[in-house]
1. Determine the gain in length on full extension of the stretch ASN49-MET169; use 0.36 nm per residue of separation and subtract their C-alpha separation, reporting nm with one decimal.
2. What FRET efficiency would be calculated for the residue pair ASN154, LYS108, taking the C-beta separation as r and a Förster radius of 45 Å, to the nearest 0.05?
3. Which loop chymotrypsin sites (Phe, Trp or Tyr not before Pro) in the range 14-65, with loop taken from DSSP, have no more than 15 other Cβ atoms within 10 angstrom of their Cβ?
4. What stretch of the chain, leaving out the sites themselves, is the longest with no GluC sites (Glu not before Pro) in a DSSP loop having at most 16 other Cβ atoms within 10 Å?
5. What is the distance in Å between the Cα centroid of the range 1-74 and that of the range 143-181?
6. Provide the gained length on full extension for the span LYS23 to SER71, in nm with one decimal, where the gain is 0.36 nm per separating residue minus the Cα-Cα distance.
7. Looking at the range 131-205, which trypsin sites (Lys or Arg not before Pro) are in a loop (DSSP not H, G, I, E or B) and have at most 13 other Cβ atoms within 10 Å?
8. When the Debye formula is applied to the Cα atoms of the chain, each taken as the same point scatterer, what base-10 log of I(q)/I(0) results at q = 0.11, 0.13, 0.16 Å⁻¹?
Amino acid sequence: MSYDYKQTHENILNSARKQFAEKGFRDASIRTICKDAGVTNGAFYSHFNSKEDLFGSIVTPCIEGLNELYSSEKEYYLNIQCFDDILNAFRASYSSYAKAIRYVCGHKEEFLLLLDSSAGTEYEGFPDMLIESEAENTLKFLTLSKKYIKNTQNVSENLSKLGASFMIMTVFDCLRNGLSADEIIKETALVSEYCIAGYKHMLSI
């Protein structure tokens with residue numbers, strides 16, 4: 001693979017990031033992306049199959065990286081053998097958000113595209129998909145914890161989704177507002193304390 005091919009590929013990606021951020025996926029055009037990148041429309045199709053393929057090439061690696069972070073952490077929280085494991089898992093779960101936050105902030109441009117410019121792509125509704133995944137893992141954790149808690153009737157899909165939504169949307173709202181990773185971590189630490197207190201109250205932990 002020649003250097004020219006790599007450089008052209010990178011030029012298209014850089015132009016696309018700019019166009020998608022300014023206009024959104026639907027209104028960004030291949031013609032404008034190519035013009036800004038200094039390539040022909042024909043050259044574009046030597047690199048990408050479509051505008052959808054181009055958008056996916058930008059955001060998919062970041063989604064996969066975030067998923068790897070979640071996968072490496074979640075098994076720990078599902079190993080509930082006693083009451084103390086529940087409390088430790090709550091604390092560790094929310095503290096682990098710092099890793100995800102630093103990752104997201106390290107790929108801020110791509111995640112803002114997912115949040116604000118993905119309408120019309122398969123990634124539309126990305127925050128909701130992330131919340132669903134997080135809520136599913138939380139529900140598994142709470143279900144495994146049932147034999148060690150009192151108010152098992154409060155373990156529900158809705159309760160899991162509320163906590164997941166609160167945390168995730170706090171991160172993304174802070175990202176949109178231009179906060180640094182350290183500032184977002186500080187904000188989510190407050191939210192996590194609130195969520196943990198709420199879970200303890202609802203479940204009589």
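Quick note: the coordinates plus some simple rules give every number you see, no bench work behind them. In this text, all values refer to a predicted model and were calculated from it rather than measured experimentally. Here Cβ is always computed from backbone atoms with ideal geometry, including for glycine, and neighbour counts include all displayed protein chains.
1. Values: separation 120, 0.36 × 120 = 43.20 nm, distance 3.28 nm.
My answer for the length gained is 39.9 nm.
2. Values: r = 37 Å, r/R0 = 0.81.
Once rounded, the FRET efficiency stands at 0.75.
3. Values: sites: PHE20, PHE25, PHE44, TYR45, PHE48, PHE55; in loops: TYR45, PHE48.
Hits after loop and neighbour filter: TYR45.
4. Numbers: sites that count: GLU122, GLU124.
Result for the longest clean stretch: 1-121.
5. 33 Å
6. On the way: separation 48, 0.36 × 48 = 17.28 nm, distance 3.34 nm.
Between LYS23 and SER71, full extension yields an extra 13.9 nm.
7. Numbers: sites: LYS140, LYS146, LYS147, LYS150, LYS161, ARG176, LYS186, LYS200; in loops: LYS150.
Here the sparse-neighbourhood loop sites are LYS150.
8. -0.61, -0.77, -1.00
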